[in-house]
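The values are calculated or read from the model by the stated rules, or taken from the named source; none is laboratory data. This one's a predicted model, so the numbers in the text were calculated from it and none came from an experiment. Note: ideal-geometry Cβ built from the backbone for every residue, glycine included; neighbour counts use all protein chains shown. Areas reflect the complete protein model, heavy atoms only, side chains present, ligands, DNA and RNA absent. Shrake-Rupley method; radii C 1.70, N 1.55, O 1.52, S 1.80 Å.
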Amino acid sequence: MPLVTRVTDLIGRTPLFELAATSTGTRLLLKLEQFNPTGAAKIRMAREMVLDAERRGLLRSGGHIIESTSGNTGLGLAVVAAERGYRFTAVVDHHACKDKLRAMRAMGAELVFVADDGDDNLATSAREDLAEAMAAARPDAYFTEQHNNDANAVGYYSVAEELLEDVERVDILLSSVGTGGSLFGTATRLRELGYPAKVIGVEPVGSIAFGGEGGPYWQSGTGTPPGATIGTAVDYSLLDEGLKVTDVDAFATARAVAAELGLMIGGSAGGSVHAALSRLDEFPAGSTIVTLVCDGGEKYLDTVFDDEWMADRDLLDPTAEAEVRTMLHQYTPAARRPVALAEAR
Ligand SMILES: Cc1ncc(COP(=O)(O)O)c(C=O)c1O
């Protein structure tokens with residue numbers, strides 16, 4: 001790798017990890033986006049939204065970026081703002097993971113909370129209204145509005161390009177949907193490059209993008225809570241199937257993957273991996289399925305990986321974790337199977 005001079009030079013070229021394989025040659029590959037700076041995929045789109053605003057004259061030297069964020073978008077924007085000399089205000093709620101908020105502050109972001117301390121409900125809609133109002137009141141401010149910003153999806157075109165450098169084709173792209181940017185941006189670019197993949201979106205039970213009853217959920221950074229509007233980055237025309245995963249299954253999967261493989265994935269990736277593993281045998285033989293791991297598990301040590309936090313919310317489920325471990329054993333790729341001692345000698 002050449003010498004780099006900016007943190008954003010480190011974005012991308014994230015590893016592809018073979019998590020599971022069936023006897024029919026179907027395999028589940030994880031694009032480990034936690035290897036980006038900030039430990040998340042979102043920095044790809046944060047950079048693209050700022051560059052796009054500069055190109056369109058919406059953001060001028062020394063200007064002010066405002067965004068509503070559950071954490072990872074804010075982390076990405078904090079990096080880009082620091083590098084390019086902008087002021088950045090993140091409109092957040094107490095549902096966001098504390099470490100993400102602390103890291104944003106460390107990188108010079110200003111935090112504005114929509115709810116009082118102690119209220120840890122997801123407040124996407126209130127956050128967006130406040131961010132919009134704040135931006136409207138300041139002449140030098142630009143609301144990046146990730147849910148309705150075309151640059152969000154464009155920020156993930158590089159994911160598709162990197163995938164095609166690593167594998168011959170992607171048959172199924174199965175990943176979580178929050179704003180929709182990462183799944184639909186990657187799918188759009190795969191299609192443009194002549195490799196259309198089947199697109200399967202995953203959201204938490206309680207999220208409303210794929211219909212069904214709305215309600216609370218704990219998976220962070222993903223889904224659309226009741227009351228929030230679904231933005232233009234969710235491109236239903238590209239969606240082949242929309243699935244829902246419970247918090248219990250999503251978190252049990254993140255915990256089982258950590259314990260079995262030493263790989264820490266976040267709760268939303270846990271949801272996608274659960275959906276993929278549960279259906280692995282149903283996909284056509286020889287399929288290559290790719291899931292984006294939007295962030296790593298290290299951000300959730302106080303929540304998903306904390307037994308007390310999990311038990312207090314009725315999320316701890318040893319049976320669900322055991323079921324995931326069974327699937328991981330059943331689908332262990334040949335290259336990872338333990339070599340018998342006699343064979344090794
Ligand atoms: C933790 C987490 N889950 C899921 C997603 C998917 O979000 P989106 O649909 O907004 O690209 C993201 C964003 O990258 C995220 O940070």
Please get the size of the charge dipole for the range 284-325, origin at its Cα centre, with Cβ charges of +1 on Lys and Arg and -1 on Asp and Glu, quoted in debye to the nearest 20.
-> 360 debye
With springs connecting C-alpha atoms under 10 Å apart, model the chain as a Gaussian network and identify which of SER61, SER182, SER272 has the largest mean-square fluctuation.
-> SER61
Inter-centroid distance (Cα atoms) of the range 18-33 relative to the range 294-343, Å = 16 Å
Report ³J(HN,Hα) in whole Hz for each residue of the range 278-288, in order, from the Karplus equation J = 6.51 cos²θ - 1.76 cosθ + 1.60 where θ = phi - 60°; Gly and Pro get x.
-> 5, 10, 4, 6, 7, 6, x, 3, x, 6, 9
Top to bottom by accessible area (1.4 Å), largest first, where do GLU67, GLU308, GLU48 land?
-> GLU308, GLU48, GLU67
Starting at the first residue of the range 219-224, write each ³J(HN,Hα) from the Karplus equation 6.51 cos²θ - 1.76 cosθ + 1.60 with θ = phi - 60°, in whole Hz, x for Gly and Pro.
-> 5, 9, x, 10, x, 10
Counting only protein heavy atoms and leaving out ligands, DNA and RNA, the solvent-accessible surface of SER176 at a 1.4 Å probe, in Å² to the nearest 10, equals 10 Å²
Where a Cα-Cα gap under 20 Å defines reach, which lysines qualify for LYS31, not counting those fewer than 8 residues away within the same chain?
-> LYS42, LYS198, LYS299
From the backbone phi of the range 21-34, what are the Karplus-calculated ³J(HN,Hα) couplings (6.51 cos²θ - 1.76 cosθ + 1.60, θ = phi - 60°) in whole Hz, Gly and Pro given as x?
-> 8, 9, 5, 8, x, 7, 9, 10, 10, 10, 8, 7, 6, 5
Rounded to the nearest 10, the angle in degrees between the Cα long axis of helix 247-261 and the longest principal axis of the Cα atoms of the chain comes to 60 degrees
Using DSSP to define loop residues, name the trypsin sites (Lys or Arg not before Pro) in the range 243-333 whose beta-carbon has at most 16 other beta-carbon atoms within 10 Å.
-> ARG313
Hey, how many Å between the Cα centroid of the range 206-256 and the Cα centroid of the range 119-194?
-> 15 Å
Expressed in square angstrom to the nearest 10, the accessible area of ARG337 with a 1.4 Å probe stands at 130 Å²
